[in-house]
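Have a look at the structure below, then the notes.
Derivation of every value follows stated rules applied to the coordinates shown; laboratory data play no part. Nothing here was measured: the structure is a model prediction, and the numbers come from that model. Every residue, glycine as well, gets a Cβ built from its backbone with ideal geometry; the counts of neighbours run over all protein chains shown.
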Amino acid sequence: FYYYLFIIIFILFFILLFLFILLFIIYYTEAPLAQATAHPTQKDTRAEASEKKDPMQVTLPPKARDRTVASDGAETLSLSSQDPRTIKGKQDQKKEPTAARTEPPKPQGKAQATARTPVPKSQAEALTMPGAGSRGRTVKGVTTVVVPPRETVRATPPSTPFWNRTTERKLSLQATNFKSEPQWDFEEQYSFDTRALQSSCPDSVKVKASKSPWLQKLFLANLTLFLDSDHFNQSEWERLEHFAPPFGFMELNHSLVQKVVKHFPPVPQQQLLLAALPPGSSQCITCAVVGNGGILNNSHMGQEIDSHNYVFRLSGAITKGYEQDVGTRTSFYGFTAFSITQSLLALGGRGFRHVPLGKDVRYLHFLEGTRDYEWLEALLLNQTLVKSLLWFRRRPQEAFRESLRMDRYLLMHPDLMRYIKNRFLRSKTLDTKHWRIYRPTTGALLLLTALQLCDQVSAYGFITEGHETLWKRLHDEGIIRLYQRPVISKPKM
């Protein structure tokens, strides 16, 4: 009996084994077919999704749907206030891959080696500035030109390769891969507006810069200033992904950035203040940039500030009760998502309960990082922030009341931010393991943006430690007019 039972069990075992092998062969034979037929289905699904109405377009005020142009400001952050995701896991490299084999990521696109060597000096000298016969890559009137770089410090290459040959897929660039700010051979490659208007003011900042032995090597007159749907595409994403925010798109969510930026139509003219002048006008555009430094207390500069064609303010720009010292007018308001929420919370009791309002006010948003794009998403949807800036339990649209018009909301281009950082506000922090947390102050960004837009710039309330030398040098060379508290001489005894 046991002998026959054993035989039966043995036969059943081989039958089950045969069935298992058969199923295994069928599964792996049909798997490629299933994957091949899945693509058209996914394509159809994407097509159906694209036909659905974008929820961002139904919650904006009527005026806000006409055009969308945005910009935001950046702030100097301490190590403790930085998003922990950007500072944890810093590792020193023990083994450095060769530059020839390092290939940076292009998450959505084609393979291309980008860990390149610096541009040779002879080659860099052969490149020219825009407007002087320079050649570049032109896309929809925007030319990308490589300009001679300043002295650069090469960061240690990443400890892990960007290309994973085992899985045959590219990995995204991560800030934690670098022990200092990475330097690419296209570090000084920026987007330029080939249609930019030229000022006819004989005393313009641009004219003075061209005559200054120091500034002419730094100043780029026709730089693209604003980020919009016309300045965002796959090739721009891949180029700017090499630079950490606010100077690029490294570690940002591509879908979120694309979803937000596509709602901001092209800015017709980057030199928007010149575009506002009558044709053939030789008027000099005067601008006052007002910082929040206490140096303006009892200055009685209010009337002088308001006498300019345009007035730039930033962050917690309180004017009520201080009109004699700081003026009353606001033409441009610069901010970051962090600076505006902090100002509303900290200074609400002193009268700053909303941003400067008025039909003529333009908003300059310096995009600092992920939280700024999440702020914009909530603004477009008219929803409360749920992912970042959790202390601000309000809808971003509340800060703008009923006067928000998206055609007057301008997003500052990462190339502008990187240009300012590379050429005017280079910090030693960028050469350390804490490179990722460096941010120029909102005031510094706003003042240097005014130099790109205005003919004559006067700065008030700027006593920012670390940038005083820069402001003083610009003042001494006659590029800007810097208000400085009068020195009161002590009476002789």
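Hey, what did segment 285-428 get for relative contact order, percent, Cα under 8 Å, at least 6 apart?
On the way: 212 pairs, mean separation 26.4, N = 144.
Worked out over segment 285-428, it gives 18 percent.
One decimal place: the segment Arg195-Leu19 gains 56.2 nm when fully extended, by the rule 0.36 nm per residue minus the C-alpha distance.
Modelled spin labels at Arg353 and Gln324, positioned 7 Å past Cα toward Cβ, are 2.6 nm from each other.
Take the residue pairs Lys179/Lys206; Lys262/Lys359; Lys259/Lys428; Lys262/Lys387; Lys262/Lys433 and return only those whose Cα atoms are more than 31 Å apart.
Values: Lys179/Lys206 37 Å; Lys262/Lys359 24 Å; Lys259/Lys428 35 Å; Lys262/Lys387 21 Å; Lys262/Lys433 34 Å.
From Lys179/Lys206; Lys262/Lys359; Lys259/Lys428; Lys262/Lys387; Lys262/Lys433, over 31 Å: Lys179/Lys206; Lys259/Lys428; Lys262/Lys433.
Relative to the compact-globule estimate of 2.2 N^0.38 Å, the Cα radius of gyration of segment 321-467 comes out at 1.10. FRET efficiency for the pair Arg394 and Lys262, taken as 1/(1 + (r/R0)^6) with r the Cβ-Cβ distance and R0 = 22 Å, rounds to 0.30.
Ranked by Cβ crowding within 10 angstrom, fewest neighbours first, how are Trp237, Trp214 ordered?
Numbers: Trp237 19, Trp214 12.
Placing the least packed residue first, the sequence is Trp214, Trp237.
Sorted ascending by nearby beta carbons within 10 Å, beginning with the fewest, Glu241, Glu251 become Glu251, Glu241.
Ranking of Arg401, Arg362 by neighbouring Cβ atoms within 10 Å, starting from the fewest: Arg401, Arg362.
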